[in-house]
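**Q** Shown below is the structure under consideration.
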Amino acid sequence: MSHAELLLLGAEAAQRGWIAGDPQVLCHQGIEASMLQHGVAQAAIDDYLAATTCNTLDEILTQKWIALFMAGPEAFAEVRRTNIPDLPLATKAVIEVPPARMPYPADEGLYNSNFAPPISELNITDPLWWMP
């Protein structure tokens, strides 16, 4: 977990009232930590922060998703957990909702005796048990 992700999780928790703290301050600190991690110049960071508000949960979670650049599986998990940001499907997509899970390998049932559902019954758009 990066320092930026930790700060943005704190911003989310503060926004939800789970912890004390200023969500906007934590969010801006998380954005700055992420940008510094990726080598963005301080002047560009200052300009971005001046134009960015973190007043709503949607704004905070979108900034967290941006900060997860280069951490694809974690960003994927965050979108599944929160449904933020609302990512459009590709043009001419063959599915109607975004993927919710990675497909199981075809031979999973052969090597995993605890694998219950037949692979043919699982779809990448079926939500995981913890998804909203």
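The values are calculated or read from the model by the stated rules, or taken from the named source; none is laboratory data. Only a predicted model underlies this, so the values are computations on that prediction, with no experimental measurement involved. Cβ sites come from the backbone with ideal geometry, for glycine too, and all protein chains shown count toward neighbours.
**Q** Is the range 76-89 home to any residue that is aliphatic (A, V, I, L, M), over 30 Å from E121 (Cα atoms) and not assigned by TED's automatic domain parsing to the domain that holds P127?
**A** Within the range 76-89 (the criterion being aliphatic (A, V, I, L, M), over 30 Å from E121 (Cα atoms) and not assigned by TED's automatic domain parsing to the domain that holds P127), the answer is no, since none of the residues qualifies.
**Q** For the condition assigned by TED's automatic domain parsing to the domain that holds Q24 and over 18 Å from the mean Cα position of the chain (by Cα), what is the one hit in L61, L49, L57?
**A** L49
**Q** Additional query: Give just the number: which of (1) in contact with a helix residue (DSSP H, G or I) (Cβ under 8 Å, 6 or more places away or on another chain); (2) farther than 20 Å from L7 by Cα does A67 not satisfy?
**A** (2)
**Q** Related question: If you go through the range 82-93 one residue at a time, do you hit one that is part of a loop (DSSP other than H, G, I, E, B) and charged (D, E, K, R)?
**A** Yes; the residues of the range 82-93 include at least one that is part of a loop (DSSP other than H, G, I, E, B) and charged (D, E, K, R).
**Q** Determine the pairs where a residue that is buried (at least 18 other Cβ atoms within 10 Å of the Cβ) and part of a helix (DSSP H, G or I), located within the range 11-35, has a partner that is modelled with pLDDT of 95 or more and among the aromatic types (F, W, Y) with Cβ atoms under 8 Å apart, the partner being 6 or more residues away or on another chain.
**A** I31/Y48; M35/Y48
**Q** Please name all residue pairs, on different chains or six or more residues apart, with Cβ atoms under 6 Å, provided the first residue is in the range 37-48 and is surrounded by 10 or more Cβ atoms within 10 Å (Cβ to Cβ) and the second residue is not small (G, A, S).
**A** Filtered contacts from the range 37-48: I45/E32; I45/M35.
**Q** Going through G10, G21 one at a time, which residue ends up being of a type in the set (G, A, S), under 28 Å from P99 (Cα atoms) and more than 13 Å from the chain's Cα centre (by Cα)?
**A** When all the criteria are applied, what remains is G10.
**Q** I'm trying to understand the selection: among the residues of the range 76-114, which are in contact (Cβ under 8 Å) with a residue 24 or more places away in the chain and loosely packed, with under 13 Cβ neighbours inside 10 Å?
**A** Matches in the range 76-114: I95, E96, V97.
**Q** Just one of (1) assigned to a helix (DSSP H, G or I); (2) exposed (fewer than 11 other Cβ atoms within 10 Å of the Cβ); (3) outside the structural domain of W18 (by TED's automatic domain parsing) trips up P73, so point out which.
**A** Condition not satisfied by P73: (3).
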